[in-house]
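The values are calculated or read from the model by the stated rules, or taken from the named source; none is laboratory data. Keep in mind that what you see is a predicted model, and the values were worked out from it rather than measured. All Cβ positions, even for glycine, are placed from backbone atoms using ideal geometry, and neighbour counts span all protein chains on display.
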Amino acid sequence: MIGSYPRNNRRSKQDSTPWIRSAYLSTNSFMFLPPYPELLRDLTEAFLHNPAMKDFRNLKLWEKAHLLTLALYKVTASFPRDETYRLASQIRRASSSIPSNIAEGCGREGDPELARFCIIARGSATELEYQLLLARDLNLIQPSDYANLSEQTVEIKRMLTVLVQKLTADC
């Protein structure tokens, strides 16, 4: 079988396939990434044509969540130094969790799994909504920035809700 080792997980002396040998790591973990371009191309084409695997980059929802995360990284960069590992970190983690969960759901099997990860992303968006309110009340962000970022967060929550409803309508 391609990419496998003998049952005892030790390299045999007659193993002459360089990419298999290089895949054997000192931690006994394996990573099989053959350097053969045609095999890599075929795997990529199979991924792109598999309807069960959705590309998160094609979702307008993911794009909006990604742009919100980028904007929040810029806003939190101006937070005081003592907030770097407190509220700024929480805002960054909550905001990056939204597009991350959407991406992970797209990589899972079937619509129910995608719906589950969208629900998790919606929870992160709600958490972010409160953190932005707290940052505004602590005068860490300007009211105009808060209004804009909060509006984007609510829009993403609405989009997540609609997507979950559509994904679970057939279940």
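Every residue, every condition in (1) more than 20 Å from Lys54 (Cβ to Cβ); (2) surrounded by 15 or more Cβ atoms within 10 Å (Cβ to Cβ); (3) out of contact with any Leu (no Cβ under 8 Å at 6 or more places or on another chain); (4) among the acidic types (Asp, Glu), yes or no:
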{"site": "Val75", "(1), (2), (3), (4)": "yes, yes, no, no"}
{"site": "Phe79", "(1), (2), (3), (4)": "yes, yes, no, no"}
{"site": "Thr84", "(1), (2), (3), (4)": "yes, no, yes, no"}
{"site": "Leu87", "(1), (2), (3), (4)": "yes, yes, no, no"}
{"site": "Glu104", "(1), (2), (3), (4)": "no, yes, yes, yes"}
{"site": "Ala115", "(1), (2), (3), (4)": "no, yes, no, no"}
{"site": "Asp137", "(1), (2), (3), (4)": "yes, no, yes, yes"}
{"site": "Ala147", "(1), (2), (3), (4)": "yes, no, yes, no"}
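Determine the pairs where a residue that is within 12 Å of Ala65 (Cα to Cα), located within segment 156-171, has a partner that is loosely packed, with under 12 Cβ neighbours inside 10 Å and modelled with pLDDT under 95 with Cβ atoms under 7 Å apart, the partner being 6 or more residues away or on another chain. Listed pairs, sorted by first residue: none to list. Inside segment 79-129, residues that are hydroxyl-bearing (Ser, Thr, Tyr) and without any contact (Cβ under 8 Å) to a residue 24 or more places away in the chain make up a count of 4.
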